[in-house]
1. Go through 222-233, 36-47 and give me the packing order, highest mean Cβ count within 10 Å leading.
2. With a 1.4 Å probe and all protein chains left in place, how much accessible area per residue does segment 68-107 have, in Å²?
3. For a Förster distance of 30 Å, can you work out the FRET efficiency between the beta-carbons of R71 and T182, rounded to the nearest 0.05?
4. Give me the extension gain from E56 to R36: residue separation times 0.36 nm, minus the current Cα-Cα distance, reported in nm with one decimal.
5. Once both labels are modelled 7 Å past Cα along the beta-carbon direction, what's the S247-D111 spacing in nm?
6. If you count only protein heavy atoms with a 1.4 Å probe, what accessible area per residue comes out for segment 200-250, rounded to a whole Å²?
7. Once the piece of chain linking D101 and I240 is laid out straight, how much longer is it, given 0.36 nm per residue of separation minus the C-alpha distance between them?
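The values are calculated or read from the model by the stated rules, or taken from the named source; none is laboratory data. Quick caveat, the model's predicted, so the values are computed rather than measured. Note that each Cβ is placed from the backbone with ideal geometry, even for glycine, and that neighbours are counted across all protein chains shown. Surface accessibility is based on the protein's heavy atoms, side chains included, excluding ligands, DNA and RNA. Shrake-Rupley method; radii C 1.70, N 1.55, O 1.52, S 1.80 Å.
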Amino acid sequence: MHVQDSHWSSALAAGGMVSAAAGNGRGDGPRTTPLRVDAQRNLEHVLRAAREVFGELGYGAPMEDVARRARVGVGTVYRRFPSKDVLVRRIAEEETSRLTDQARAALGQEDEPWSALSRFLRTSVASGAGRLLPPQVLRVGVADERDASVFDEARVPQQRGPGVGGAGVGTGELRLVSEDDTGAAALLEVVGQLVERARAAGELRADVSVSDVLLVIATAAPSLPDAAQQAAASARLLDILLEGLRSRPA
């Protein structure tokens, strides 16, 4: 798992710049005209390269590696994203959104609780999104109640409902999600619903939390040079982890 904290704190502060930076590359306001065909193509190449590089090397990888993978000059990357922090946040937000969509699809299309949870895990691991989850999502539930004073409870989103602040997602698991991290909060909420349904059906171990499920997604998505080996390794590892998550009759 290659998710790192470097470049992340300032990226959170740069959240308001993301849409502007993605639009015009200068961060001075939204684009009002479409990108030229070649500029749009370069942007797509940069985003694809960033997903690959950060997925393989972590968010600490330099922008030069992204430019090299995209086969463009590093200046082209900076024209689209004025700082590395903006690019990092863009990629992390996209992957968090993708996982949330996958969780919602599993929740809405699978009637059986265990089938819904396992479908979400298999789809998410296969997509490789777990390698690009932001630290504040992967850290959910790490802090215990003795460390509660370290965190600013006022920044926890005051959401309620299935999986949020209830049995699915505890307050410890939401403590590290600030009001600015709406994407992360949405992911925690819907995964919390999957977890709670499977737990209520007696198919998920009672001690498994949302943080455990997200860590499975990150852990079961290794980065290997050969695509076939990577797919086989991911599938094998996920089978083992699913067996560990499932409740067994006494």
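1. 36-47, 222-233
2. 43
3. Efficiency at R0 = 30 Å is approximately 0.30.
4. Value of the extension gain: 4.2 nm.
5. Between S247 and D111, the label points sit 2.1 nm apart.
6. Ligands and nucleic acids excluded, the figure is 54 Å² per residue.
7. 47.6 nm
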